[in-house]
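Novice: This is the structure I want to talk about, given as structure tokens.
The values are calculated or read from the model by the stated rules, or taken from the named source; none is laboratory data. Being a predicted model, the structure only gives us computed values, none of them experimental. Methodologically, a virtual Cβ is constructed for each residue, glycine included, from the backbone with ideal geometry; neighbour enumeration extends over all protein chains shown.
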Amino acid sequence: MSTQPRANSNADSKPVVVSGVAAARAYRAGLDGTVALVPTMGALHDGHLEHIRVCRGLADHVLVSVFVNPAQFNQGEDYKRYPRSLEVDIQKCATAGAAGVFTPDADELYPPGQPDVETDAPGITVGLEGQDRPGHFQGVCRVVVKLLNILQPDMVSFGLKDYQQLRVVQAVVTDMMMPARVIEISTVREADGLAMSSRNMRLDAEQRRRGLGLYKALIAAKRLVEEDGETDPQAVEGVMRAVMQSHQIEVGYTAVRHPQTLGELGCIEPALTGGVVALVAGGVGPVRLIDNMLLGAV
Ligand code: PAF
């Protein structure tokens, strides 16, 4: 599948920026050809730009939504302190060749007084991030359904970095029979392996060094499964925990799961399940980081 930019894409010209829902619908309706949506919460980094790059190779127009979604933050999390840099984000979208940027207003997406509606895929949202962040995935599902209904893209990109989110969205899109194709985007890493994340900008130099422990834990798991042939998920989870603790990371979870269902495994048998996924989460100072890696995939 080619991911070279297509002729209609918008490299080096300013994207159209729309904020209102009606304006976004009208703008979308006027686009000829295929449309890819890259949903983001802004604070764009090279990981997001990789989404735009891949989507430019697949669709005639790439739209980026920039919206810090209040519904996916729970009370302990600081919605107000989430990094916001709209002007810089729009500039990055322009350089990356996005055709349009949708910056909805929270009061228009969640009109005060309107009854709450919930979309969920409980088989996947329970556990891991769902356990540590109650209500998070329900908030993600809600905004994703809204964005897809407003912008009606032919395809929508989600990163493997947020592995559980990707599987949750795939389940919702499939079950709700939404026409958009979900495009999986590989995790972009810094040179030393740290997965790119908008949260990294909140790490000081010492925390940044400790944060690398997540990646090192995953590499240790990969060696254990692929080179040593370890088949016990708990043994692998224990090694990942120890590596993270040796980097003074407050471990949220370490888990080895089925790569599609995220179900627990009695035994690691990559040939049967098409690989397994190792997932880690942990606190470094005030910042919670997550990462994951596929192990034994052929
Ligand atoms: O991954 C994110 O940035 C967000 O969860 C998303 C998908 C944009 C929904 O707000």
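Novice: Do you know which of the residues in the range 32-76 that are touching an Asp or Glu at 6+ places or on another chain (Cβ under 6 Å) and farther than 13 Å from residue 92 by Cα is farthest from the ligand (Cβ to nearest atom)?
Specialist: 33
Novice: So in the range 181-199, with the set limited to residues that are more than 19 Å from residue 55 (Cα to Cα) and in contact (Cβ under 8 Å) with a residue 60 or more places away in the chain, which one is nearest to the chain's Cα centre (by Cα)?
Specialist: Restricting to residues being more than 19 Å from residue 55 (Cα to Cα) and in contact (Cβ under 8 Å) with a residue 60 or more places away in the chain, the top hit is 197.
Novice: Considering 26, 98, 121, which residue is farther than 25 Å from residue 175 by Cα and surrounded by fewer than 22 Cβ atoms within 10 Å (Cβ to Cβ)?
Specialist: When all the criteria are applied, what remains is 26.
Novice: Continuing with the same structure: Those residues that are without any contact (Cβ under 8 Å) to a residue 12 or more places away in the chain and not small (Gly, Ala, Ser), I need them from the range 218-244; list them, please.
Specialist: 223, 227, 228, 234
Novice: Out of the residues in the range 34-84 meeting the condition of being in contact with a helix residue (DSSP H, G or I) (Cβ under 6 Å, 6 or more places away or on another chain) and part of a helix (DSSP H, G or I), tell me which one is surrounded by the most Cβ atoms within 10 Å (Cβ to Cβ).
Specialist: Here the residue is 52.
Novice: Considering the range 119-139 alone, what residues qualify as being over 16 Å from residue 281 (Cβ atoms) and either part of a loop (DSSP other than H, G, I, E, B) or near the ligand (Cβ under 10 Å from one of its atoms) (or both)?
Specialist: Correct list: 119, 120, 121, 135, 139.
Novice: Of all the helices (runs of 4 or more DSSP H) wholly in the range 180-298, which have at least 3 residues that are closer than 22 Å to residue 77 by Cβ?
Specialist: Ranges flagged: 205-226.
Novice: Right, something else. Regarding the range 143-162, can at least one residue be identified that is out of contact with any strand residue (DSSP E or B) (no Cβ under 8 Å at 6 or more places or on another chain), surrounded by fewer than 18 Cβ atoms within 10 Å (Cβ to Cβ) and either modelled with pLDDT of 95 or more or at negative phi (or both)?
Specialist: Checked against the condition, which is being out of contact with any strand residue (DSSP E or B) (no Cβ under 8 Å at 6 or more places or on another chain), surrounded by fewer than 18 Cβ atoms within 10 Å (Cβ to Cβ) and either modelled with pLDDT of 95 or more or at negative phi (or both), the range 143-162 yields at least one hit.
Novice: If you don't mind, another one. Every residue in the range 136-180 that is under 19 Å from residue 27 (Cα atoms) and without any contact (Cβ under 8 Å) to a residue 24 or more places away in the chain, please.
Specialist: Across the range 136-180, the qualifying residue is only 149.
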